[in-house]
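Written out below as structure tokens is the structure these notes cover.
The values are calculated or read from the model by the stated rules, or taken from the named source; none is laboratory data. Since we're looking at a predicted model, the values are computed, not measured. Positions of Cβ are backbone-derived with ideal geometry, glycine not excepted, and every protein chain shown enters the neighbour counts. We work out accessible area using only protein heavy atoms, side chains counted, and drop any ligands, DNA or RNA first. Shrake-Rupley method; radii C 1.70, N 1.55, O 1.52, S 1.80 Å.
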Amino acid sequence: MSQAAPSAGSARRTLLVGAGFFALSYLAAELGYAIQLHPSQVVLVWPPSGIMLGALLLVDRHDWRAALTGAFLANVPADLAHSGTFALAVTGGLVNTVEHYVAGLAVLRVSGRTQVRMTSLREVNALIFGAAIGANAVTAMFGAIVLASYYPTSFLQGWLTWWTGDGLAMMTLTPAILIAADWWERRRQVSWRRVAEHTAFAAAAALLVVLTLASKEGLSQVAGHDGRTFFVVPLLVAAGLRLGPSGAAVATLTVTISAVAYAVTGDFAVVASVGAWHAELLDVYTFIAVSAVSALIPAAAIADRARTERALRQVEERFRLIADNTAEAFLLAEVPSGRPVYVSPSWSTIWGRPLAEGYDAANIVAAIRPDDMPRVRLGAQATMGGEPADVQFRIARPDGTERWLRARSFPARDDDGHVTHLVALIEDATQLRDAERRFTQAQKLDAVGRLAGGVAHDFNNLLTTISAEAQLLEEAAVPAPHDASVAAIRHAVESGAALTRQLLTFSRREPAAPQPIELNATVQDLTRMLTRLLGRAVGLDVRLADAPAWIRADRTQVEQVLLNLVVNARDAMPTGGFVQVVVELVAAPPAMDHEEGRMNGDAPMGWAGVSVRDTGTGMPEAVVAHAFEPFFTTKPMGRGTGLGLSTCMQIVVEAGGRIGITSKPGVGTTVRALFPLMEPPESGAPRANS
């Protein structure tokens, strides 16, 4: 059943498209026969060619087979009703169908688009030169053969009659159909004022044509021998310049309808045989063609230019919006003069000077520290030579402060590949360098602390030996003169012991103070702080355990674990997301991708855990394997030290627990810290959450 529905829908669509083109083609053919010139049966503009080409360009290429089939089936009875010859109807219908297909294909190929609405110069050129003149000239040869087979006319006369009538229809009717479709698609954007302007230009064109033709003896006389007929051309051009391709199409169609109507109802002298042609007929063809081309092409060219200018303004506006609101300074300088041609407002903030001074290269160079000038010159020379550069240097601001800057520059080239401009993105790296310096200092202090701890242990062992020996001397009742020496030794030992205790405290940082705490209360007390920490872009959901979750740990350190995990979750969702904090009681620890701590630990009462889940970017297995290593981080430089998870691991493990992580790229990350459950403390015992 699932396969039958699409097949039935496709067949229904094919039937509807074919039926629609059958009706449209039949009506267009009847219109063509209605406006033929008697007794010659010449049609100045053959409507089916323009109408069917426009309709064909409005449907999907997959529907062309059904559309062309419907057009062919309609062409045969329409021709039979007027020509009376079945062979002529079939061959003529076949040629017309081929003409529709070739013309439509030419428009799509030349324009390079899958949807054509006659709103650009490329589309107009594709219609006029690709279809009406080019493709139609080829298919008109088959039409000339058909006419020569059934009427007493030469091949050249038949070809010219077929080519001009069908080509003029494509140049006048097709644009109007396509632009009408574009209007319908944008009907909410089309104002009544614009409709009124189109109507006014169309009415003026019709009136001018009628007045001009009515003042002469015949249309051929006006078109061929009186230049006043072409007074309508400036009006058509004005319509195109004012209203674009839509105004040109509507005005041109109006002129064509007026001319054809006058020819049908007026005294237009033509020869009596189909395909016969002379100068008068060519004059009228020229009049209609000039009207169409002179209006459509300038209008499309102006529309393209306006569209390009509008796109350039939008690009420039976006560029200025980015440049004006970024913390980095954007600098564009000429090569080789080095004269700045654009300096973003952030330059003033970084240099501490008015923005106008940034357009003088001397002001930029004067602020750079002399010791750093060689690096800056080398970077500028490399960029002017065609290579990008990355340079860090210092500047002195007018307020006396010194700032570290990082300048990344790259060359801008012209069409010939020559470097014409130097583009530089300059950021204030002072805070980053300060952070790097503090981090380096922290690493040194950590190393000193570890060293101090080791030395203190060894020194404490020596002091223990000395203290024991001093005690033996006291117990041995040494002579009185030596009592002061023994006392001095004991005092020195006590002073050394105090010093070692200080060193051990430094190396261990602040000693933990484990006590009974209740995880539900600890997490609940932190909820407000976590909400502020996450910000508006990240949602927070806190779920507490159904029963009290008592553990023995340092409350401050447990809070630090929770804060570190939530901060990591937030940083993994730069565009927003969702964080869930869950307190849970489990009998056995669930399996995680990577775990640290008491892998086979004993927890007779079970485990109390706190999990932090996020919907962030997640991590691959290779990254998860190193997640708890000190100084390992996936954050950009300056955003993380790599100590967050390692600190969490140390706190959890020292509390007798275990910590694990599960993560998948594109799904998110879950970090679970588990602590051994304990009996609830007695009512008189101290509690961390009381």
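Filter region 362-375 for residues that are over 14 Å from residue 403 (Cβ atoms) and surrounded by 15 or more Cβ atoms within 10 Å (Cβ to Cβ); which is modelled with the lowest pLDDT? That would be 363.
Pairing each residue of region 170-191 that is over 16 Å from residue 300 (Cα atoms) with any residue that is open to solvent by 50 Å² or more (accessible area, probe 1.4 Å) and in a helix (DSSP H, G or I), provided the two are 6+ apart or on different chains, yields C-beta distances under 7 Å for 181/58; 190/183. Note on region 234-277: among residues that are at pLDDT below 90 and of a type in the set (Ser, Thr, Tyr), the one that is least open to solvent (accessible area, probe 1.4 Å) is 258. Of all the criteria given as (1) more than 23 Å from residue 181 (Cα to Cα); (2) touching a helix residue (DSSP H, G or I) at 6+ places or on another chain (Cβ under 6 Å); (3) open to solvent by 30 Å² or more (accessible area, probe 1.4 Å), the one not satisfied by residue 95 is (3).
What about residue 428, is it crowded, with 18+ Cβ neighbours inside 10 Å, within 35 Å of the chain's Cα centre (by Cα) and under 23 Å from residue 344 (Cα atoms)?
Numbers: crowded, with 18+ Cβ neighbours inside 10 Å: yes; within 35 Å of the chain's Cα centre (by Cα): yes; under 23 Å from residue 344 (Cα atoms): yes.
For residue 428, the condition - crowded, with 18+ Cβ neighbours inside 10 Å, within 35 Å of the chain's Cα centre (by Cα) and under 23 Å from residue 344 (Cα atoms) - is met.
Applying the set (1) open to solvent by less than 50 Å² (accessible area, probe 1.4 Å); (2) farther than 13 Å from residue 173 by Cβ; (3) of a type outside the set (Lys, Arg); (4) modelled with pLDDT under 90 to residue 38 leaves exactly one unmet item: (1). Taking residues in region 556-573 that are of a type in the set (Lys, Arg), and partners anywhere that are assigned to a helix (DSSP H, G or I), the pairs with Cβ atoms closer than 8 Å and at least 6 places apart or on different chains are 570/533; 570/534. Among the conditions (1) surrounded by 15 or more Cβ atoms within 10 Å (Cβ to Cβ); (2) under 15 Å from residue 678 (Cβ atoms); (3) in contact with a Pro (Cβ under 9 Å, 6 or more places away or on another chain), the only one that residue 616 does not satisfy is (2). With respect to residue 353, is the statement that it is touching a residue at least 12 places away in the same chain (Cβ under 8 Å), in a loop (DSSP other than H, G, I, E, B) and either charged (D, E, K, R) or surrounded by 16 or more Cβ atoms within 10 Å (Cβ to Cβ) (or both) true? Yes. Per this entry, residue 348 is counted among residues that are hydroxyl-bearing (Ser, Thr, Tyr) and surrounded by fewer than 19 Cβ atoms within 10 Å (Cβ to Cβ). Picking from 88, 31, 80, 27, which residue would you name as being assigned to a helix (DSSP H, G or I), farther than 23 Å from residue 175 by Cα and open to solvent by 50 Å² or more (accessible area, probe 1.4 Å)? So the residue among 88, 31, 80, 27 that is assigned to a helix (DSSP H, G or I), farther than 23 Å from residue 175 by Cα and open to solvent by 50 Å² or more (accessible area, probe 1.4 Å) is 80. Of all residue pairs spaced 6 or more apart or on separate chains, those with beta-carbon atoms under 6 Å, a first member in region 147-162 that is within 20 Å of residue 80 (Cα to Cα) and in contact (Cβ under 8 Å) with a residue 12 or more places away in the chain and a second member that is of a type in the set (A, V, I, L, M) and outside any helix (DSSP H, G or I) are 151/274. Can you name the number of the only condition in (1) touching a strand residue (DSSP E or B) at 6+ places or on another chain (Cβ under 6 Å); (2) among the charged types (D, E, K, R); (3) surrounded by fewer than 18 Cβ atoms within 10 Å (Cβ to Cβ) that residue 559 fails? Exception for residue 559: condition (1).
Before we move on, is residue 500 polar (S, T, N, Q), modelled with pLDDT under 75 and open to solvent by less than 90 Å² (accessible area, probe 1.4 Å)? Yes: the conditions hold for residue 500. Figure legend. Inter-residue proximity from region 63-75: first residues touching a residue at least 12 places away in the same chain (Cβ under 8 Å), second residues surrounded by fewer than 24 Cβ atoms within 10 Å (Cβ to Cβ) and not in a helix (DSSP H, G or I), beta-carbon distance below 9 Å, spacing 6+ or different chains. Indicated pairs: 66/59; 67/59. Quick check on residue 162: is it at pLDDT 85 or above and under 37 Å from the mean Cα position of the chain (by Cα)? No: the conditions fail for residue 162. Quick one: would you say residue 386 is over 22 Å from residue 434 (Cα atoms), open to solvent by less than 80 Å² (accessible area, probe 1.4 Å), part of a loop (DSSP other than H, G, I, E, B) and touching a strand residue (DSSP E or B) at 6+ places or on another chain (Cβ under 6 Å)? Yes, satisfied.
All of (1) surrounded by fewer than 16 Cβ atoms within 10 Å (Cβ to Cβ); (2) closer than 20 Å to residue 178 by Cα hold for residue 45 with one exception: (1). Within region 340-391, the residues that satisfy the criterion of being over 15 Å from residue 410 (Cα atoms) and among the polar types (S, T, N, Q) are 344, 346, 348, 349, 363. Each residue in region 564-573 was checked for being open to solvent by 30 Å² or more (accessible area, probe 1.4 Å) and either closer than 16 Å to residue 652 by Cβ or not in a helix (DSSP H, G or I) (or both), and 2 pass. If you go through region 514-526 one residue at a time, do you hit one that is over 30 Å from residue 682 (Cα atoms), open to solvent by 70 Å² or more (accessible area, probe 1.4 Å) and either at pLDDT below 75 or not in a loop (DSSP other than H, G, I, E, B) (or both)? Checked region 514-526: no residue is over 30 Å from residue 682 (Cα atoms), open to solvent by 70 Å² or more (accessible area, probe 1.4 Å) and either at pLDDT below 75 or not in a loop (DSSP other than H, G, I, E, B) (or both). Pick from region 319-336 the residues that are over 20 Å from residue 403 (Cβ atoms) and at pLDDT 85 or above: which of them is surrounded by the fewest Cβ atoms within 10 Å (Cβ to Cβ)? Here the residue is 336.
Residues are listed down the side, and each one gets a yes or a no for (1) over 52 Å from the mean Cα position of the chain (by Cα); (2) modelled with pLDDT of 75 or more; (3) open to solvent by 60 Å² or more (accessible area, probe 1.4 Å):
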| site | (1), (2), (3) |
| --- | --- |
| 450 | no, no, yes |
| 484 | yes, no, yes |
| 494 | yes, no, yes |
| 510 | no, no, yes |
| 534 | no, yes, no |
